[in-house]
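Report on the structure given below.
FYI, it's all coordinate maths here, none of it is from the lab. Since this is a predicted model, take the numbers as computed values, not measurements. FYI the Cβ positions are ideal-geometry reconstructions off the backbone, even for glycines, and counts take in every protein chain you see.
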Amino acid sequence: MPCRSPLPLLALPALALGAYALKGPADPLRPSTPEDGVGPLTRRRYWVEIEGATHTPEEVADHWRNHLPEHAPKWLAWFRGLDHPVPPVRKGDRLQIQMLLIRRGRVVIEHVDPLGFRVRTLRLHPDAGTSDFRVYPGEERGRMVLQIESLLRVNSQFDRLAYIFGVHAAQRRNWELTLTSVARYAGGQIQNRGHESLEMHTLEHTYHLPEMPEVPVGASLETADHA
């Protein structure tokens, strides 16, 4: 009797996870919290420092919120309005995202202020938590820091594996290119940039600029354990 390869049986769990990821949860538009996810709660922070900006911090924050789909690279994250065409983007608006051209996501704008905005993931998203997009004015006119700070857990074990095996690099590139685009709108020159990833024990964004690590332009501070 011919011996059958065990490979198809071994592939079944991966196929099941893939089917789950494509199908999505039963309540895809329910706001999610880190408690809905798996793995460690992680703060990922990306920033650029600018000097000589020609727009005010308030103008930059307003433009960033209303034109996020234009600033994000479409081949990594294609944003569209779920409730109406954007702009404008206001508190309570929901956005749909096509990530890496194949993975779907949904977020809701849950907070807006003159210097930034925060989005919360909906259940149909590979992460569970919030991301804050903020402009920190400098002491001198034309100086500011643009920052994206996420407090997230991955939504499922499938997404955790995907993150470990490369999605984190695409996510980082997406936000780096987004910050570069917003900095271009702000005017001036980028003096420094970087990112860090830290496991956290709290669920609240700080809303003040953390101490900037002493890293050169383009360097990173990776300390979270994703294994």
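What the table shows:
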quantity: Spin-label model distance (nm) - Glu70 vs Leu209, 7 Å beyond Cα toward Cβ; calculated: 2.6
quantity: Arg104 long-range amide H proximity, modeled H, under 5 Å; calculated: Met99
quantity: Added length on full extension, which subtracts the Cα-Cα distance from 0.36 nm per residue, Leu177 to Arg141; calculated: 10.5 nm
